[in-house]
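All of the numbers you see were taken from the coordinates with simple rules; none came from a lab. Predicted model, so just to flag it, every value in this text is computed and none were measured. Neighbour counts are summed over all protein chains in view; Cβ atoms, including those assigned to glycine, are modelled from backbone coordinates with ideal geometry.
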Amino acid sequence: MSGAKVLLPILAFVAACDQAPHTMAVLDNGYPADAGTPLVVYHAFWSAVPFQAPVPPGTSSDPQVAEPASPNTAYVVLAPGWDPQSSAPPTSFVVMQSRGGFGVNFNDTLHIPVDDTSFAGNCAAGSFLTQDQADFITQLVFPNDFASFTYDPTTCTTTPIPGDAGGD
């Protein structure tokens, strides 16, 4: 058998593997890029999908591999005015949770729109979380981001914990 006859079935198999189903999730930061205080999505979480890379206003995250899921709540941490190119982490946050659940079918891509219509918790938009909701998000969903801070959902204020490494 010639080399070409052996290589063709292998290439066909590799091409078929590339056609495997992909279920994905994408964050779409719907906040305007030209706002006085840009709202960067610092971190987010939906179902079993963590979004670790910051998503500047008006952009989308890279697609993340997801499992098909019925509607689940999504959570985001906004970093108002923070520059994603900065080497310093943000020191001010706004925590939000989706107003409804997001789901995705097998071999589809879910787009999660992050804005004040789809998410609650942005005090500047007149939307507030309860203390229990904020505690759940800061202590259980994003504990590393809030290890050195307390969060007040009635004012969307992040306060450094005195004497902690994150505070002065």
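Provide a single number: the residues in segment 44-81 that are more than 26 Å from residue 20 (Cβ to Cβ) and more than 10 Å from the chain's Cα centre (by Cα).
Within segment 44-81, residues that are more than 26 Å from residue 20 (Cβ to Cβ) and more than 10 Å from the chain's Cα centre (by Cα) number 8.
Scan segment 124-144 residue by residue and report those that are of a type in the set (A, V, I, L, M, F, W, C) and either in contact with a strand residue (DSSP E or B) (Cβ under 7 Å, 6 or more places away or on another chain) or farther than 23 Å from residue 58 by Cβ (or both).
Of segment 124-144, the ones of a type in the set (A, V, I, L, M, F, W, C) are 124-125, 128-129, 134, 136-137, 140-142.
Once the filter is applied, which keeps residues that are of a type in the set (A, V, I, L, M, F, W, C) and either in contact with a strand residue (DSSP E or B) (Cβ under 7 Å, 6 or more places away or on another chain) or farther than 23 Å from residue 58 by Cβ (or both), segment 124-144 yields 128, 129, 134, 136, 137, 140, 141, 142.
Among the residues of segment 86-132, write down those that are farther than 19 Å from residue 25 by Cβ and either of a type in the set (D, E, K, R) or in contact with a His (Cβ under 6 Å, 6 or more places away or on another chain) (or both).
116, 132
Within segment 60-74, can you find the residues that are closer than 22 Å to residue 87 by Cα and surrounded by 15 or more Cβ atoms within 10 Å (Cβ to Cβ)?
Listed by number, the residues that qualify are 60, 61.
Looking at segment 93-110, which of its residues are in a strand (DSSP E or B) and loosely packed, with under 15 Cβ neighbours inside 10 Å?
103, 109
Out of the residues in segment 17-36 meeting the condition of being of a type outside the set (A, V, I, L, M, F, W, C) and surrounded by 12 or more Cβ atoms within 10 Å (Cβ to Cβ), tell me which one is farthest from the chain's Cα centre (by Cα).
22
Just to verify a result, which residue in segment 56-92, among those that are hydroxyl-bearing (Ser, Thr, Tyr) and in a strand (DSSP E or B), is nearest to residue 133 (Cα to Cα)?
Among them, the one singled out is 75.
Could you please give the count of residues in segment 115-146 that are closer than 18 Å to residue 101 by Cα, among the aliphatic types (A, V, I, L, M) and out of contact with any helix residue (DSSP H, G or I) (no Cβ under 9 Å at 6 or more places or on another chain)?
Selection size over segment 115-146: 3.
Taking the conditions exactly as written (exposed (fewer than 14 other Cβ atoms within 10 Å of the Cβ) and either among the aliphatic types (A, V, I, L, M) or in contact with a helix residue (DSSP H, G or I) (Cβ under 6 Å, 6 or more places away or on another chain) (or both)), does residue 78 satisfy them or not?
no
Keeping to segment 121-156, report how many residues are part of a strand (DSSP E or B) and crowded, with 17+ Cβ neighbours inside 10 Å.
Number of matching residues: 2.
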